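Take a look at the structure set out below.
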Amino acid sequence: MLLTIKNKITIMTMLLTFMVIPSPTQVMMKMPTLAINLPKIDMKQVLCMARNIYYEAGAEAMPGQAAVARVVMNRVNHGFAETPCKVIYQKTIINDNIVCQFSWVCENKGEPNKSSARYKQAELIAYQVMTGMHKDVVPKSALFFHAVTIDPLWPYKQVAKIGNHIFYSKQKVKNEQKSN
């Protein structure tokens, strides 16, 4: 029996429930597919996104992980860079200091354990977000986020709080509104 990508995602989601989580790469390699017109997804981009999800929100529930991935896609759509990988590894120099858009990049984290359930879930969510799922988890204007344990005093408008992260749009707010 030939399975479509949609059926594969459904199967992977069901397997996730039982903690037997194949990666999208493994499922795609082991199951034949039909020739249908689905958007082509660059697996290199999925793997960059999965790594970012793993380090930024790996301990979060699926909505929190999807929100982090959606911010990356929002940044691509707002012209921060052309691809998720370029957004994730983007660096800026401020006062002669290199600042990474995602802290784990500057921390030179090693490769995650790709056989762990946590990584496999991150890979699944990365694939889902890149195929157009989870579009409403945060608004299209959400371009920044941080953990609830820090307060960077950003002047941006808060648009969501999901799990342990707060999400912002680039819209500026007045200082007295920030103290909410």
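The values are calculated or read from the model by the stated rules, or taken from the named source; none is laboratory data. Here the structure is a predicted model, which means the values were calculated and not measured. In this analysis, Cβ positions are derived from the backbone assuming ideal geometry, glycine residues included, and neighbour counts consider all displayed protein chains.
Condition test on residue 154, is it out of contact with any Cys (no Cβ under 7 Å at 6 or more places or on another chain) and in a loop (DSSP other than H, G, I, E, B)? Break it down into steps so the answer makes sense when it comes.
Details: out of contact with any Cys (no Cβ under 7 Å at 6 or more places or on another chain): yes; in a loop (DSSP other than H, G, I, E, B): yes.
Against the criterion (out of contact with any Cys (no Cβ under 7 Å at 6 or more places or on another chain) and in a loop (DSSP other than H, G, I, E, B)), residue 154 qualifies.
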| request: May I ask you to list pairs of residues, at least six apart or on different chains, whose Cβ atoms are under 8 Å apart, with the first in segment 140-162 being touching a residue at least 40 places away in the same chain (Cβ under 8 Å) and the second being among the small types (Gly, Ala, Ser) and assigned to a loop (DSSP other than H, G, I, E, B)? | output: 160/142
| query | Does segment 129-149 contain at least one residue that is surrounded by 18 or more Cβ atoms within 10 Å (Cβ to Cβ), touching a Pro at 6+ places or on another chain (Cβ under 6 Å), over 16 Å from residue 73 (Cα atoms) and at pLDDT 95 or above? | reply | no
| Subset of segment 43-69 [in contact (Cβ under 8 Å) with a residue 24 or more places away in the chain and touching a Ser or Thr at 6+ places or on another chain (Cβ under 7 Å)] | 45
| request: Can you run down the residue pairs with Cβ atoms below 6 Å, 6 or more apart or on separate chains, where the first is in segment 79-94 and without any contact (Cβ under 8 Å) to a residue 40 or more places away in the chain and closer than 16 Å to residue 69 by Cβ and the partner is among the basic types (Lys, Arg) and not in a loop (DSSP other than H, G, I, E, B)? | output: 87/75
| Selection within segment 110-124 - surrounded by 13 or more Cβ atoms within 10 Å (Cβ to Cβ) and more than 13 Å from residue 43 (Cα to Cα) | 112, 114, 116, 118, 119, 120, 121, 122
| message | Any residue at all in segment 43-55 that's more than 17 Å from residue 125 (Cα to Cα) and exposed (fewer than 13 other Cβ atoms within 10 Å of the Cβ)? | response | no
| Pairs where the first residue, in segment 100-114, is at negative phi and the second is among the aliphatic types (A, V, I, L, M), C-beta under 8 Å, 6+ apart | 101/87; 101/88; 102/88; 105/88; 106/98; 106/99; 112/122
| query | Within the bounds of segment 127-146, is there any residue that is of a type outside the set (Asp, Glu), in a helix (DSSP H, G or I) and touching a Gly at 6+ places or on another chain (Cβ under 7 Å)? | reply | no
| query | So residue 104 fits all but one of (1) of a type in the set (Phe, Trp, Tyr); (2) buried (at least 20 other Cβ atoms within 10 Å of the Cβ); (3) in a helix (DSSP H, G or I); what number is the exception? | reply | (2)
| request: Sort out which residues of segment 78-101 are out of contact with any strand residue (DSSP E or B) (no Cβ under 8 Å at 6 or more places or on another chain), surrounded by 10 or more Cβ atoms within 10 Å (Cβ to Cβ) and polar (S, T, N, Q), and write them in order of number. | output: 83
| Hey, does segment 162-172 have a residue that's basic (Lys, Arg) and within 15 Å of the chain's Cα centre (by Cα)? | no
